[in-house]
1. Scan the range 244-300 residue by residue and report those that are in contact with a helix residue (DSSP H, G or I) (Cβ under 7 Å, 6 or more places away or on another chain) and assigned to a helix (DSSP H, G or I).
2. Checking the conditions here, which among 233, 226 is assigned by TED's automatic domain parsing to the domain that holds residue 168, exposed (fewer than 15 other Cβ atoms within 10 Å of the Cβ) and touching a residue at least 24 places away in the same chain (Cβ under 8 Å)?
3. Does residue 263 fit the bill of being in contact (Cβ under 8 Å) with a residue 60 or more places away in the chain and out of contact with any strand residue (DSSP E or B) (no Cβ under 8 Å at 6 or more places or on another chain)?
4. Where in the range 126-191 are there helices (runs of 4 or more DSSP H), lying fully within it, with 3 or more residues that are at pLDDT 90 or above?
5. Could you list all residues from the range 22-39 that are loosely packed, with under 13 Cβ neighbours inside 10 Å and closer than 19 Å to residue 264 by Cβ?
6. Give the residue that is nearest to residue 255 (Cα to Cα), with candidates limited to residues of the range 11-21 that are surrounded by 13 or more Cβ atoms within 10 Å (Cβ to Cβ) and in contact with a helix residue (DSSP H, G or I) (Cβ under 8 Å, 6 or more places away or on another chain).
7. If only one of 55, 49, 67 is modelled with pLDDT of 85 or more, touching a strand residue (DSSP E or B) at 6+ places or on another chain (Cβ under 8 Å) and either within 12 Å of ligand 2 (Cβ to nearest atom) or closer than 22 Å to residue 231 by Cβ (or both), which one is it?
8. Among the residues of the range 86-125, write down those that are at pLDDT below 60, away from ligand 1 (no atom under 14 Å from the Cβ) and touching a helix residue (DSSP H, G or I) at 6+ places or on another chain (Cβ under 7 Å).
Ligand SMILES: Nc1nc2c(ncn2[C@@H]2O[C@H](COP(=O)(O)OP(=O)(O)OP(=O)(O)O)[C@@H](O)[C@H]2O)c(=O)[nH]1
Ligand SMILES: [Mg+2]
(Lines give C-alpha, C1' and ligand atoms only; values in the text may rest on other atoms or scores of the structure.)
(Ligands and ions follow the chains in the order given, each with its own letter.)
Protein backbone atom coordinates (compact mmCIF):
# COMPACT_ATOMS: atom_id res chain seq x y z
CA UNK A 1 0.00 0.00 0.00
CA UNK A 2 1.28 3.49 -0.84
CA UNK A 3 1.99 6.29 1.56
CA UNK A 4 -0.92 8.75 1.73
CA UNK A 5 1.55 11.65 1.61
CA UNK A 6 3.02 10.33 -1.62
CA UNK A 7 -0.44 9.95 -3.16
CA UNK A 8 -1.33 13.48 -2.02
CA UNK A 9 1.87 14.80 -3.58
CA UNK A 10 0.99 12.97 -6.84
CA UNK A 11 -2.54 14.41 -6.81
CA UNK A 12 -1.13 17.91 -6.25
CA UNK A 13 1.13 17.44 -9.28
CA UNK A 14 -1.61 15.92 -11.45
CA UNK A 15 -0.02 12.46 -11.31
CA UNK A 16 -2.70 9.97 -10.32
CA UNK A 17 -0.71 6.77 -10.72
CA UNK A 18 -0.32 5.92 -7.03
CA UNK A 19 -3.94 6.85 -6.37
CA UNK A 20 -5.15 4.55 -9.17
CA UNK A 21 -3.02 1.69 -7.86
CA UNK A 22 -4.24 2.20 -4.31
CA UNK A 23 -7.85 2.17 -5.49
CA UNK A 24 -7.28 -1.20 -7.13
CA UNK A 25 -5.63 -2.55 -3.97
CA UNK A 26 -8.55 -1.42 -1.83
CA UNK A 27 -11.08 -2.81 -4.31
CA UNK A 28 -9.27 -6.13 -4.24
CA UNK A 29 -9.00 -5.98 -0.45
CA UNK A 30 -5.30 -6.84 -0.59
CA UNK A 31 -3.55 -7.77 2.61
CA UNK A 32 -3.02 -4.71 4.75
CA UNK A 33 -5.90 -2.64 3.37
CA UNK A 34 -7.85 -2.82 6.63
CA UNK A 35 -4.95 -1.30 8.56
CA UNK A 36 -4.27 1.19 5.78
CA UNK A 37 -7.84 2.47 5.96
CA UNK A 38 -7.57 3.06 9.71
CA UNK A 39 -4.69 5.44 9.00
CA UNK A 40 -6.67 7.70 6.67
CA UNK A 41 -7.46 11.20 7.89
CA UNK A 42 -10.29 12.36 5.60
CA UNK A 43 -11.19 16.04 5.32
CA UNK A 44 -14.81 17.15 5.38
CA UNK A 45 -15.12 17.21 1.57
CA UNK A 46 -18.75 16.67 0.59
CA UNK A 47 -19.55 13.72 -1.62
CA UNK A 48 -21.99 14.63 -4.37
CA UNK A 49 -24.02 11.66 -5.61
CA UNK A 50 -25.48 12.05 -9.10
CA UNK A 51 -28.07 9.48 -10.04
CA UNK A 52 -30.94 9.13 -12.49
CA UNK A 53 -32.19 6.96 -15.34
CA UNK A 54 -29.84 5.79 -18.11
CA UNK A 55 -29.07 8.51 -20.63
CA UNK A 56 -30.55 11.36 -18.56
CA UNK A 57 -27.37 13.36 -19.10
CA UNK A 58 -25.54 12.67 -15.83
CA UNK A 59 -22.08 12.47 -17.39
CA UNK A 60 -22.66 15.54 -19.54
CA UNK A 61 -23.80 17.40 -16.44
CA UNK A 62 -20.75 16.21 -14.50
CA UNK A 63 -18.48 17.40 -17.32
CA UNK A 64 -20.09 20.83 -16.88
CA UNK A 65 -19.62 20.81 -13.10
CA UNK A 66 -16.00 19.74 -13.48
CA UNK A 67 -15.41 22.64 -15.88
CA UNK A 68 -16.73 25.18 -13.40
CA UNK A 69 -14.82 23.72 -10.48
CA UNK A 70 -11.46 23.49 -12.19
CA UNK A 71 -11.88 27.05 -13.44
CA UNK A 72 -12.14 27.93 -9.74
CA UNK A 73 -8.81 26.16 -9.17
CA UNK A 74 -10.29 23.07 -7.51
CA UNK A 75 -9.23 19.46 -7.80
CA UNK A 76 -12.06 17.13 -8.72
CA UNK A 77 -12.51 13.36 -8.45
CA UNK A 78 -15.27 11.51 -10.29
CA UNK A 79 -16.16 7.88 -9.63
CA UNK A 80 -18.71 6.38 -12.02
CA UNK A 81 -20.19 3.03 -11.20
CA UNK A 82 -20.90 0.94 -14.26
CA UNK A 83 -23.92 -1.18 -13.51
CA UNK A 84 -22.43 -3.92 -15.72
CA UNK A 85 -25.78 -4.70 -17.25
CA UNK A 86 -25.98 -5.66 -20.92
CA UNK A 87 -27.67 -2.32 -21.55
CA UNK A 88 -24.58 -0.50 -20.39
CA UNK A 89 -21.87 -2.16 -22.42
CA UNK A 90 -21.04 1.20 -23.95
CA UNK A 91 -21.32 3.28 -20.78
CA UNK A 92 -17.63 3.61 -20.03
CA UNK A 93 -16.74 4.34 -23.62
CA UNK A 94 -19.58 6.88 -23.78
CA UNK A 95 -18.33 8.59 -20.64
CA UNK A 96 -14.85 8.76 -22.10
CA UNK A 97 -16.26 10.68 -25.03
CA UNK A 98 -18.54 12.86 -22.90
CA UNK A 99 -15.87 13.76 -20.40
CA UNK A 100 -12.95 13.50 -22.79
CA UNK A 101 -11.81 17.04 -22.29
CA UNK A 102 -11.21 16.21 -18.63
CA UNK A 103 -9.68 12.74 -18.84
CA UNK A 104 -6.13 14.00 -19.10
CA UNK A 105 -6.55 17.19 -17.10
CA UNK A 106 -4.13 17.42 -14.14
CA UNK A 107 -6.87 18.69 -11.81
CA UNK A 108 -9.30 15.89 -12.64
CA UNK A 109 -9.29 12.25 -11.63
CA UNK A 110 -11.94 10.07 -13.29
CA UNK A 111 -12.37 6.39 -12.58
CA UNK A 112 -15.04 3.95 -13.72
CA UNK A 113 -15.77 1.11 -11.34
CA UNK A 114 -17.65 -2.08 -11.95
CA UNK A 115 -20.51 -2.82 -9.60
CA UNK A 116 -18.90 -6.23 -9.01
CA UNK A 117 -22.11 -8.08 -8.50
CA UNK A 118 -22.72 -6.28 -5.24
CA UNK A 119 -26.36 -6.51 -4.18
CA UNK A 120 -28.16 -3.39 -5.32
CA UNK A 121 -25.63 -2.08 -7.75
CA UNK A 122 -22.97 0.07 -6.11
CA UNK A 123 -19.38 -1.01 -5.92
CA UNK A 124 -18.84 -2.64 -2.54
CA UNK A 125 -15.74 -0.55 -1.77
CA UNK A 126 -17.48 2.79 -2.27
CA UNK A 127 -17.18 4.02 1.32
CA UNK A 128 -13.49 3.11 1.41
CA UNK A 129 -12.74 4.74 -1.95
CA UNK A 130 -14.60 7.99 -1.28
CA UNK A 131 -12.88 8.25 2.10
CA UNK A 132 -9.52 7.75 0.38
CA UNK A 133 -10.37 10.56 -2.06
CA UNK A 134 -11.29 12.79 0.89
CA UNK A 135 -7.85 12.12 2.35
CA UNK A 136 -5.56 12.94 -0.57
CA UNK A 137 -6.30 16.54 -1.53
CA UNK A 138 -9.45 16.69 -3.67
CA UNK A 139 -11.84 19.61 -3.24
CA UNK A 140 -14.88 18.07 -4.90
CA UNK A 141 -15.90 14.43 -5.11
CA UNK A 142 -18.64 13.16 -7.41
CA UNK A 143 -20.12 9.68 -7.57
CA UNK A 144 -22.18 8.88 -10.68
CA UNK A 145 -24.56 5.92 -10.59
CA UNK A 146 -27.34 4.89 -12.92
CA UNK A 147 -30.58 4.99 -10.97
CA UNK A 148 -31.83 1.51 -11.64
CA UNK A 149 -32.81 -0.91 -8.92
CA UNK A 150 -31.26 -0.16 -5.58
CA UNK A 151 -28.28 1.93 -6.60
CA UNK A 152 -29.96 5.29 -6.02
CA UNK A 153 -30.89 4.28 -2.49
CA UNK A 154 -27.31 3.20 -1.88
CA UNK A 155 -25.81 6.35 -3.28
CA UNK A 156 -28.05 8.37 -0.96
CA UNK A 157 -26.59 6.59 2.04
CA UNK A 158 -23.12 7.49 0.81
CA UNK A 159 -23.49 11.02 -0.55
CA UNK A 160 -23.75 14.25 1.41
CA UNK A 161 -25.88 15.64 -1.39
CA UNK A 162 -27.87 13.38 -3.69
CA UNK A 163 -28.78 14.91 -7.03
CA UNK A 164 -31.46 13.08 -9.02
CA UNK A 165 -31.30 13.85 -12.74
CA UNK A 166 -34.49 13.40 -14.73
CA UNK A 167 -35.58 14.30 -18.23
CA UNK A 168 -38.95 15.62 -19.41
CA UNK A 169 -40.42 12.53 -20.96
CA UNK A 170 -43.91 11.17 -20.70
CA UNK A 171 -44.20 8.47 -18.10
CA UNK A 172 -41.04 9.45 -16.28
CA UNK A 173 -42.89 10.78 -13.28
CA UNK A 174 -44.58 7.43 -12.76
CA UNK A 175 -41.26 5.64 -13.08
CA UNK A 176 -39.72 8.05 -10.62
CA UNK A 177 -42.29 7.32 -7.94
CA UNK A 178 -41.93 3.60 -8.45
CA UNK A 179 -38.17 3.60 -8.22
CA UNK A 180 -38.16 5.54 -4.98
CA UNK A 181 -36.16 8.43 -6.38
CA UNK A 182 -38.49 10.81 -4.61
CA UNK A 183 -37.25 9.67 -1.22
CA UNK A 184 -33.55 9.94 -1.94
CA UNK A 185 -33.34 13.31 -3.70
CA UNK A 186 -31.78 16.30 -1.98
CA UNK A 187 -31.98 18.10 -5.31
CA UNK A 188 -33.77 17.44 -8.58
CA UNK A 189 -32.28 18.35 -11.92
CA UNK A 190 -34.56 18.46 -14.92
CA UNK A 191 -32.01 18.08 -17.69
CA UNK A 192 -32.72 18.38 -21.43
CA UNK A 193 -34.83 21.40 -20.63
CA UNK A 194 -34.45 22.33 -24.28
CA UNK A 195 -37.37 19.93 -24.82
CA UNK A 196 -40.75 21.58 -25.14
CA UNK A 197 -42.47 19.78 -22.26
CA UNK A 198 -39.81 20.68 -19.67
CA UNK A 199 -41.88 23.26 -17.79
CA UNK A 200 -44.84 20.90 -17.43
CA UNK A 201 -42.53 18.24 -16.09
CA UNK A 202 -41.03 20.60 -13.52
CA UNK A 203 -44.55 21.35 -12.29
CA UNK A 204 -45.21 17.61 -12.06
CA UNK A 205 -42.19 17.15 -9.82
CA UNK A 206 -43.15 20.10 -7.64
CA UNK A 207 -46.66 18.73 -7.31
CA UNK A 208 -45.37 15.33 -6.36
CA UNK A 209 -43.04 16.83 -3.80
CA UNK A 210 -45.99 18.57 -2.20
CA UNK A 211 -47.85 15.27 -2.07
CA UNK A 212 -44.85 13.82 -0.25
CA UNK A 213 -44.99 16.71 2.21
CA UNK A 214 -41.86 18.37 0.82
CA UNK A 215 -41.52 22.01 -0.11
CA UNK A 216 -39.23 23.60 -2.68
CA UNK A 217 -37.31 25.09 0.23
CA UNK A 218 -36.32 21.59 1.22
CA UNK A 219 -35.74 20.04 -2.20
CA UNK A 220 -34.83 22.36 -5.04
CA UNK A 221 -35.61 21.67 -8.68
CA UNK A 222 -32.97 22.98 -11.10
CA UNK A 223 -33.54 23.11 -14.86
CA UNK A 224 -30.47 22.43 -17.03
CA UNK A 225 -29.43 21.88 -20.63
CA UNK A 226 -26.21 20.06 -19.87
CA UNK A 227 -25.18 19.71 -23.51
CA UNK A 228 -25.17 23.52 -23.79
CA UNK A 229 -23.81 24.26 -20.32
CA UNK A 230 -27.07 25.94 -19.31
CA UNK A 231 -28.01 25.83 -15.62
CA UNK A 232 -24.67 24.48 -14.36
CA UNK A 233 -24.02 27.57 -12.24
CA UNK A 234 -27.53 27.25 -10.74
CA UNK A 235 -26.84 23.63 -9.90
CA UNK A 236 -23.57 24.48 -8.17
CA UNK A 237 -25.35 27.14 -6.17
CA UNK A 238 -28.08 24.66 -5.18
CA UNK A 239 -25.49 22.04 -4.17
CA UNK A 240 -23.63 24.57 -2.02
CA UNK A 241 -26.89 25.74 -0.45
CA UNK A 242 -27.83 22.16 0.38
CA UNK A 243 -24.50 21.61 2.09
CA UNK A 244 -25.14 24.57 4.35
CA UNK A 245 -28.66 23.40 5.24
CA UNK A 246 -27.43 19.89 5.88
CA UNK A 247 -24.71 21.07 8.23
CA UNK A 248 -27.19 23.32 10.03
CA UNK A 249 -29.54 20.36 10.54
CA UNK A 250 -26.68 18.22 11.84
CA UNK A 251 -27.44 15.47 9.35
CA UNK A 252 -23.82 14.28 9.16
CA UNK A 253 -24.32 11.92 12.07
CA UNK A 254 -27.18 10.16 10.34
CA UNK A 255 -25.01 9.60 7.29
CA UNK A 256 -22.16 8.33 9.44
CA UNK A 257 -24.48 5.83 11.13
CA UNK A 258 -25.64 4.56 7.73
CA UNK A 259 -22.03 4.15 6.57
CA UNK A 260 -20.91 2.35 9.72
CA UNK A 261 -23.85 -0.06 9.44
CA UNK A 262 -22.91 -0.79 5.82
CA UNK A 263 -19.30 -1.46 6.79
CA UNK A 264 -20.30 -3.79 9.63
CA UNK A 265 -22.66 -5.73 7.37
CA UNK A 266 -20.03 -5.91 4.62
CA UNK A 267 -17.44 -7.18 7.11
CA UNK A 268 -19.80 -9.84 8.48
CA UNK A 269 -20.70 -10.96 4.97
CA UNK A 270 -17.01 -11.26 4.07
CA UNK A 271 -16.86 -14.15 6.53
CA UNK A 272 -19.60 -15.95 4.64
CA UNK A 273 -18.61 -18.10 1.69
CA UNK A 274 -21.56 -17.51 -0.64
CA UNK A 275 -20.65 -20.40 -2.95
CA UNK A 276 -20.58 -22.81 -0.02
CA UNK A 277 -23.80 -21.33 1.30
CA UNK A 278 -25.50 -22.07 -2.03
CA UNK A 279 -24.18 -25.63 -2.04
CA UNK A 280 -25.26 -26.23 1.58
CA UNK A 281 -28.75 -24.94 0.88
CA UNK A 282 -29.04 -27.13 -2.20
CA UNK A 283 -28.42 -30.13 0.05
CA UNK A 284 -30.38 -29.05 3.13
CA UNK A 285 -33.47 -27.65 1.46
CA UNK A 286 -34.73 -31.06 0.34
CA UNK A 287 -34.33 -32.53 3.81
CA UNK A 288 -37.52 -32.80 5.82
CA UNK A 289 -37.64 -30.22 8.60
CA UNK A 290 -35.42 -27.67 6.84
CA UNK A 291 -35.83 -24.43 8.75
CA UNK A 292 -34.57 -21.13 7.37
CA UNK A 293 -33.96 -19.66 10.83
CA UNK A 294 -32.10 -22.64 12.17
CA UNK A 295 -29.97 -22.55 9.02
CA UNK A 296 -29.22 -18.81 9.18
CA UNK A 297 -28.42 -18.92 12.89
CA UNK A 298 -25.43 -21.09 12.10
CA UNK A 299 -23.84 -17.89 10.80
CA UNK A 300 -24.56 -15.73 13.85
N1 LIG B 1 -31.04 17.58 -26.01
C2 LIG B 1 -30.21 17.40 -24.98
N3 LIG B 1 -29.39 16.33 -24.99
C4 LIG B 1 -28.57 16.16 -23.92
C5 LIG B 1 -28.56 17.06 -22.83
N6 LIG B 1 -27.66 16.62 -21.92
C7 LIG B 1 -27.13 15.49 -22.43
N8 LIG B 1 -27.66 15.20 -23.63
C9 LIG B 1 -27.36 14.04 -24.48
O10 LIG B 1 -27.92 12.88 -23.89
C11 LIG B 1 -27.12 11.74 -24.15
C12 LIG B 1 -26.80 10.99 -22.87
O13 LIG B 1 -25.94 11.79 -22.06
P14 LIG B 1 -25.02 11.21 -20.90
O15 LIG B 1 -24.40 12.38 -20.25
O16 LIG B 1 -24.15 10.14 -21.39
O17 LIG B 1 -26.12 10.56 -19.97
P18 LIG B 1 -25.89 9.64 -18.67
O19 LIG B 1 -27.03 9.91 -17.79
O20 LIG B 1 -24.52 9.86 -18.12
O21 LIG B 1 -25.98 8.20 -19.31
P22 LIG B 1 -25.59 6.78 -18.59
O23 LIG B 1 -24.33 7.00 -17.80
O24 LIG B 1 -25.41 5.85 -19.73
O25 LIG B 1 -26.75 6.43 -17.74
C26 LIG B 1 -25.89 12.24 -24.88
O27 LIG B 1 -26.08 12.03 -26.25
C28 LIG B 1 -25.88 13.73 -24.56
O29 LIG B 1 -25.25 14.49 -25.53
C30 LIG B 1 -29.45 18.20 -22.88
O31 LIG B 1 -29.53 19.02 -21.97
N32 LIG B 1 -30.25 18.29 -23.97
MG1 LIG C 1 -22.98 8.44 -17.63
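1. Across the range 244-300, the qualifying residues are 259, 262, 263, 284, 295.
2. 233
3. Values: in contact (Cβ under 8 Å) with a residue 60 or more places away in the chain: yes; out of contact with any strand residue (DSSP E or B) (no Cβ under 8 Å at 6 or more places or on another chain): yes.
Yes: the conditions hold for residue 263.
4. Those helices (runs of 4 or more DSSP H) span 126-135.
5. Hits for the range 22-39 are 34, 35, 38.
6. Taking the candidates together, the pick is 19.
7. Criteria check complete, one pass: 49.
8. Residue satisfying the conditions is 120 alone.
The values are calculated or read from the model by the stated rules, or taken from the named source; none is laboratory data. Please read all numbers here as calculations on a predicted model, not as lab measurements. Cβ: placed from backbone, ideal geometry, glycine included. Neighbour counts: every protein chain shown.
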